[in-house]
Amino acid sequence: KAWNNEGPQIRLACAITPKHLRYLNEFAKSSNNEYLEALSHLSIAAYFFGCRSCEYLWVKQRGITELLKLSDITFSNINQKALSHNDPALLSKAAYVTICFRQQKNREKYEKRTHQKSNDDLLCPVRAWAHTIIRIVSSPYINASSYTEATVNYYYNRNNKITNQNTFFTQEAIIKLLRLTVNAKEPHYFGYDASQISSHSIRSGMAMSLFLANEHPFRIMLMGRWKSCAFIDYIRPQVLDWMHSAS
């Protein structure tokens, strides 16, 4: 019932916290739900790159932004040597992950961003993307002819418990998971309630984390691929609350 309760959508949503991202995975594992666990890894992967929802999910209204494909994600080891997606030791070997954003909302093309592996076993951009890629390439429906066109939101359900065998993660799915996990905890456990969450919370969460880490606005713009200080619109309400308690 909670999963089907989509609720209202809001544009200037609260920024998701690392605490919430960690709980997404914990919630999925405790539910023994492969679908939700896969979605949690994709959410973490998108968070570190400040991905727009249309870059890693099916959305109802798609503009010029292109959905990321497997071929847009590359890994390299500590010596920056490229690794194959089919490398059986990809999860342990990968030290860097690079994403090529072929076409974006800001009309910039083929922009690349790279992240290095973190010391956190879960909140790590390299591990999160590796989990996602490994899961996708293990599908019997992904072969040499379909590989380059496969999108990062592809999901193959081996158990066929929740979805058909082949499906795709959607904007509605991530909203449901975010709100479901907020409601699973006591009120304001994460600092916001379910009504304040939307798919934009992932992207704004990245901006908020960098802001609270005292990163320079230009660095936030570069990492989030903003051409202006528009990212302030994503985090303004929470920033004001934070500044009120600064003393």
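The values are calculated or read from the model by the stated rules, or taken from the named source; none is laboratory data. Keep in mind it's a predicted model, so treat the numbers as computed, not measured. Cβ placement follows ideal geometry from the backbone for every residue including glycine, while neighbour counts extend to all protein chains displayed. Each accessible area value is taken on the protein alone, full model and side chains, heavy atoms only, with ligands, DNA and RNA left out. Shrake-Rupley method; radii C 1.70, N 1.55, O 1.52, S 1.80 Å.
Remarks
- Answer residue from region 219-228, given it is open to solvent by 70 Å² or more (accessible area, probe 1.4 Å) and touching a helix residue (DSSP H, G or I) at 6+ places or on another chain (Cβ under 9 Å) and is modelled with the highest pLDDT among those: 219
- Region 53-75 - residue that is of a type outside the set (Val, Ile, Thr) and open to solvent by 30 Å² or more (accessible area, probe 1.4 Å) and, of those, nearest to residue 98 (Cα to Cα): 71
- Pair list, Cβ under 9 Å, 6 or more apart: region 200-212 residue farther than 9 Å from residue 13 by Cβ and open to solvent by 10 Å² or more (accessible area, probe 1.4 Å), other residue of a type in the set (D, E, K, R) and assigned to a helix (DSSP H, G or I): 210/219
- The residues on offer are 83, 67, 36, and the sole one that is of a type outside the set (Ser, Thr, Tyr) and modelled with pLDDT of 95 or more is 83.
- For residue 7, the requirement of being on the phi > 0 side of the Ramachandran plot, modelled with pLDDT under 95 and touching a helix residue (DSSP H, G or I) at 6+ places or on another chain (Cβ under 9 Å) is met.
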